[in-house]
Structure formats: C-alpha cells, structure tokens
Amino acid sequence: MGYTRLPMRKQMLRIIFSAAGIALLAAAAAVLVYESSTYRPRIEREVQAITNLYVQLLPATLDFHDPQAAEQYLAALQFQPNVERVCVYESTGTWFAAYRKDLLIATCPQLIQRRSAQVYQQSRFELLAPIRREREIIGWLFVTYRLLPLYARLPQYGIMVGVVIFTLSVVSFLLWYALARYVTTPLNALARTAKHIATTYDYSIRVSKVGSDELAALTDALNLLLATTEESIRLRDDFLSIASHELKTPLTPIRTQLQLLEMLLQQKDRSDEWPEKLLRVTQLALKQVDRLTGLVDNLLDVSRITTGRLVLTRERTSLSAIVRESYERYVPEFERASTSFKASIEDNIEANIDVLRIEQVIANLLSNALKYGQNRPVELRLERVGDTARITVRDRGIGVAPQDMQRIFGRFERAASIRSFGGMGLGLYITKQIVEAHGGRITVESALGKGSTFVVEIPLATEA
Amino acid sequence: MRPFQIKQRFAGLTIPCLLLWLFVASWAEAQTVPLELKVKAAYLLNFGRYVRWPPEVLHEKHTICIVGPDPFGPLLDKTVDGREVQGHTVQTRRLSAHETIVGTCHILFISPALPLETQAAVLREVSGQPILTVGDANEFLDMGGMVKFVHYQDTIRFSVNLVAVRRASLDMSSRVLSIAISVRQEDLPRE
C-alpha cells in the first residue's frame, strides 16, 4: 500500500529481492520435501549396497574360518559414519565377526531368526541377510544403520544454501542496478523535461526517445501533447489577434457616427434635412452595434459550447416556414449586394428543433455564402430526403481547398485570410455544434474557385 | 601273599586309575587331534570352491585325492559327504605314492607321513598339471607345492605358492589369497 510512496528504485529493489526470496524459499521447501521423501529409499539402497559387497567378500573368511580377515574387511566401514554395527554369524548362528563404529555401541545380539529381514527401529534401520556360497547359506550378515533426524541432515545443505543465497543476492543486486538504470534514467529525463516546460512555457521542446517500449510510448505521448498544446496556443494567439481586430472594427464607424451625431446636435442652423441626417447617422451606428453584438453573441455561444452549457429548447416546428422566413429576411441583403438569390423550399417539413438556433444556422450559412460568394448566384434549398430534412446552401464563390475541408469546422479556424475577409472564424464551428446537438450533421462539398455546397441534415419529427 | 595282596590292592587302585586315564586321554585325543584334522578336511573341501580348473579337466565328480598314509581316516569322507563343489559332487580317493595321479585328481593332499623325498617326487610328477597340491611339510612350498597348512595363533591357516598355482594353469580367487598367511608371488631360486 505504502509501496507507491517509495522511489521507484526502492520499489524495484524490494520486488526483485522479494521474488528472489520467494524463489529461495520455494527451492528450500522443495529440497526439504525431496530429502524427507527420499531418505528411507536412499538409506535402504545404501545398506543394500554395503550388504551386497560383504556378502561377496565374506564367504571365504567363513569357509576358512578367518574372523580376523572378516573384521579387516569390515573395518573399511569406518568411512561410512552412519553404519553403527555389522555382525557376521556362521550358518549355525554362532557369532563370527563384528564391526562396531565405537565401543559405546552394544555388542552383537544373538541371532534369533534366520531369514532375510529389514526393520526400522526408532532411530535405526536394521537389515539381516544370508551369506551364500552358491545356494548354500554359510552365514548371516546383520547391519545396523543409524537414521539421522531431518534437522541433523540439514547442515549438509547449509553451505549449498549459503552459496545460493549469496549468488542470488549478487545477481538480484546487479539485476536491480541494471533495471533501475534502464527504467528510471529515461523517466527522470522525462520528468526533468516536463518540469522545464512547465517553468519556461517553451512548448517547442521535444523529448528524444530511445527504443520502442512503454517508455518510448510515454515519450511519444508527451511529444504529441506538446505538439497539440503548441498548436492550441497558436490558435488561441491567432484568435486573440483576430477577435480583437474584429471587435475593434465596428468601434471606429460607431465612434465616427457618434461624433457626426454630436456635430449634428450642436448645429444651430438646422435645415430641413437635419432630422433625416440624424436618423441615418443613428441607423448606421446601430448597424455597427448590431454587428458588435453579433460578434459577442458568437463568443458567448463558443463559451457555452465549450463549457457544455449549450441548451436547446426544442419544439415541433415547421422547418419549411423557418427556412422561408430566413430566405425572405436575407433577400434585401442579397439585393443590396446585387447577387442572385434563389430558394426552393419544400412544404410541410417538420422537425423538433430550437427555432432560434436553426435560424442562426441558416443565417450563418447564408452570410458565409454572401461573404465568400463573389456576388455569384446563391441557392437555398429545403427538401425531404428519407427521414431527414436537408438544407442546402450553394454558392459559386472562392470555394474551399480540399486540405481545409475538415479544418473549417474547427474553433477559431478560417480557410480564407483575415486580410480579405472579416469574421472570427467561429461561425461554422457554432453551426456544426448546433446541428450536431440536434442529432444532425453538416457536410461540405467544394472545389477551389468553383464554390461550396453546405448540406445540413436534421432528423424529421417522428409522426406522433 | 602279602606283596601280591599289596599288588592286588595296588592293582585294585591302578586299574580304575589306568582306565580313567585312558578314558580321559582318549577323550582329549578325540577332542583335540580331530579338531585340527576336521579343520584341514573342511579346508580341503573348501579350497575347491575358490579355484578354477581348466575346462578340460572338469568331470562330473570333483575328486580330492590323498597320497600316502591317510591321516583323516573316515573324517574326510564324512566332511565331503553330500556336499557339492561348483556343482559337482565330491569324491575322495586314496592313492599310494607309486600310482598314477595325473588326470584323476583335482585336489591332491600329500600326506605328511611320506618322506620328504617321496613328497618331492610326487610333486615333480604332477608339476604343471592342473592339480591343486596341498601339504603339511615346512618345505612343501619350496618343493613346488601350492598350498601349505600352517599353525598360526592356535588356528590352522595356509600359505600359497601362487607361482606354482599359475604354472598349473589354475586360477585361485583373490578372496582366498587375501586370507592366506603368505602368498609367494615369484619363483625363488631352487636349491
């Protein structure tokens, strides 16, 4: 739990040493299990081997009654520390020769039974075997082997375990050192770069990546983040300059009109044209104020959209009526620009829409057509296509380059340069957001110099 | 009459004493002398178990021969009765010093009662033949004999002249050689 509070190097150290420790414990347990489960068979094999050897060696000593030679043979058992005693009997059961590890061991017992046997006493393993010459039994061999308890056998493994622990520690340490270097060095470099960027706001820095693992992916992600941050900062800066320019633009005519108004009001000599002049100046000023209001409204809309506060008030409305009203509202403006403006509006199309927002969409598209249409004919169409209502605005103006098709719907984006065309580049962004909030979509078909066709599709109201 | 009487009285004591002495002596004889012979007889049987003869001399019977006066009497026959050596039933043969030995015996015990010259002559006769010669005389090995019984710390042991054994194309097991008191490995110059 407190693990993640530790530095990564220490975490790695703990993990590696825990793993090594667990492996060691498992190995030790395996050794213990193996040792205790194979001890008896091993003892039996060992005693059997000793027995087989002496059963071969001893017949001659029995045949020629040479217990000294027999005991010389048996003396070799001093190198088998766990063989306590070996007794040799003649076939009659008479004691013949013996080996005792030391004098504390009891002397040979009387030979009672005469048949092969192996017996586990409390701490001994005893084996009685006949000594044969061909098929004839000429004597008996009785071996007593001392069984060691498990704990007494373990010291044999002590050195081995020590060596393993030492080796494991050294290997773990080297492993940890290499791993720590491999992982934390690039991580620290990343952290240093991130901190540097955070303090200097220099988003043009890129982190160089090594390899293609997760760390490299993290580096890539950081670089991507830096790139998008840099781009959005550029967009914000562009927008600030455009927006301030746009907001400033109406202020100059307003100021001029108001100065004119002031001048007119101070005029003593008021001719017959004076009220008319007064009215025109005021109207001009109001028009600029409207433009300013529109710009601020757009900004507010963007702010609403980005903060998720764009709420639609939808009601079942005749889309045909709304498109027709918009058309009629724009006819004078097109006339003033002496641009041909035609509409083809299908009747009885109804949809669940926010009336003001849809009007805003149509107005946006129409003013764009007017703005970028180079006074060439503009068409507005409303039709039913399947279960959607399709609004099409077509101009034959400057068009949009293919590489800009998606960008024009972004925030603060404009394909055309600010010098020739005004506006903050918010219109299409807001339009797209409104259409999508209605569950519809907006697409554009365009060719540079040939004009653009914007198509808005909004789901029809389902028949109640 | 009196001396007679005395003599009679003496005889009356002497005869039981003499009888007792005879009894004790014969008992002791029966216990001690046959023990040594018993051991030797058993050894004569057991040597056969640790010697390999060339296949051409293997017959269905394993023959232990005694040349010269037999010190064992019925003891040897009793010892070998019903026993087998390397899968062959065992038989005994008693030969005089002048009989042909070659081709009939596997083990030849040369009686210590024979004069040394006779023993030597017998050994010369069987020299190089696959017959294990066993004897009692001190000079037995020097004369070309193979196994000599030796008194050693109250028991009977034996010495081996391995050179003679090998010359006879016999193969003696190391298990027996390791028990021998001494093993002569190389030919000593003959006197």
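The values are calculated or read from the model by the stated rules, or taken from the named source; none is laboratory data. Source: prediction; values computed, not measured. Backbone-built Cβ (ideal geometry, glycine too); neighbour counts: all protein chains shown. When the accessible area is computed, the model is the full protein with side chains, heavy atoms only, and any ligands, DNA or RNA have been set aside. Shrake-Rupley method; radii C 1.70, N 1.55, O 1.52, S 1.80 Å.
A few comments on the model shown:
- Just one of (1) open to solvent by less than 90 Å² (accessible area, probe 1.4 Å); (2) touching a helix residue (DSSP H, G or I) at 6+ places or on another chain (Cβ under 8 Å); (3) assigned to a strand (DSSP E or B); (4) not acidic (Asp, Glu) fails for residue A:119. It is (2).
- When region B:76-102 is filtered for residues that are within 14 Å of chain A (Cβ to nearest Cβ) and aliphatic (A, V, I, L, M), the ones remaining, listed by number, are B:80, B:85, B:90.
- Checking residue A:398 against (1) over 20 Å from residue A:317 (Cβ atoms); (2) open to solvent by 40 Å² or more (accessible area, probe 1.4 Å); (3) out of contact with any helix residue (DSSP H, G or I) (no Cβ under 6 Å at 6 or more places or on another chain), the condition it does not meet: (3)
Let's see how each residue does on (1) closer than 25 Å to residue A:410 by Cβ; (2) charged (D, E, K, R); (3) in contact with a Ser or Thr (Cβ under 8 Å, 6 or more places away or on another chain):
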{"site": "A:191", "(1), (2), (3)": "no, no, no"}
{"site": "A:198", "(1), (2), (3)": "no, no, no"}
{"site": "A:216", "(1), (2), (3)": "no, no, no"}
{"site": "A:231", "(1), (2), (3)": "yes, yes, no"}
{"site": "A:247", "(1), (2), (3)": "yes, no, no"}
{"site": "A:277", "(1), (2), (3)": "no, yes, no"}
{"site": "A:286", "(1), (2), (3)": "no, no, no"}
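- With respect to the conditions (1) within 23 Å of residue A:427 (Cα to Cα); (2) assigned to a helix (DSSP H, G or I); (3) open to solvent by less than 60 Å² (accessible area, probe 1.4 Å), residue A:329 lacks only one, and its number is (3).
- Apart from one condition, residue A:112 fits all of (1) open to solvent by 30 Å² or more (accessible area, probe 1.4 Å); (2) in contact with an Asp or Glu (Cβ under 7 Å, 6 or more places away or on another chain); (3) of a type outside the set (Gly, Ala, Ser); (4) assigned to a loop (DSSP other than H, G, I, E, B); the exception is (2).
- Test for residue A:343: is it open to solvent by less than 60 Å² (accessible area, probe 1.4 Å) and either modelled with pLDDT under 90 or part of a helix (DSSP H, G or I) (or both): no
- Residue list for region A:45-58, filter: more than 60 Å from the chain's Cα centre (by Cα), open to solvent by 40 Å² or more (accessible area, probe 1.4 Å) and more than 13 Å from chain B (Cβ to nearest Cβ): A:46, A:48, A:49, A:52
- Candidates B:162, B:141, filtered to the one that is touching a residue at least 40 places away in the same chain (Cβ under 8 Å) and either among the aliphatic types (A, V, I, L, M) or under 27 Å from residue A:58 (Cβ atoms) (or both): B:141
- Taking region A:111-132 as the range and being out of contact with any strand residue (DSSP E or B) (no Cβ under 8 Å at 6 or more places or on another chain) and either under 11 Å from residue A:143 (Cα atoms) or hydrophobic (A, V, I, L, M, F, W, C) (or both) as the test, only A:112 passes.
- Members of region A:210-229 that are under 23 Å from residue A:407 (Cα atoms) and open to solvent by 70 Å² or more (accessible area, probe 1.4 Å): A:224, A:225, A:228
Every residue, every condition in (1) at pLDDT below 85; (2) assigned to a helix (DSSP H, G or I); (3) at negative phi, yes or no:
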position: B:6; (1), (2), (3): yes, yes, yes
position: B:11; (1), (2), (3): yes, yes, yes
position: B:26; (1), (2), (3): yes, yes, yes
position: B:36; (1), (2), (3): no, yes, yes
position: B:48; (1), (2), (3): no, yes, yes
position: B:63; (1), (2), (3): no, no, yes
position: B:91; (1), (2), (3): no, no, yes
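- Exactly one residue among A:183, A:170 is in a helix (DSSP H, G or I) and without any contact (Cβ under 8 Å) to a residue 12 or more places away in the chain, and that residue is A:170.
- Each residue in region A:368-383 was checked for being surrounded by fewer than 16 Cβ atoms within 10 Å (Cβ to Cβ) and either of a type in the set (Ser, Thr, Tyr) or in contact with a strand residue (DSSP E or B) (Cβ under 9 Å, 6 or more places away or on another chain) (or both), and 4 of them qualify.
- Output for region A:59-96, where each listed residue is within 14 Å of chain B (Cβ to nearest Cβ), without any contact (Cβ under 8 Å) to a residue 40 or more places away in the chain and assigned to a helix (DSSP H, G or I): A:60, A:61, A:67, A:68, A:69, A:70, A:71, A:72, A:73, A:74, A:75, A:76
- All conditions in (1) modelled with pLDDT under 90; (2) within 30 Å of residue B:83 (Cβ to Cβ); (3) among the small types (Gly, Ala, Ser) hold for residue A:106, with the sole exception of (2).
- Residues being among the β-branched types (Val, Ile, Thr) and either surrounded by 13 or more Cβ atoms within 10 Å (Cβ to Cβ) or touching a residue at least 24 places away in the same chain (Cβ under 8 Å) (or both) - total across region A:5-33: 3
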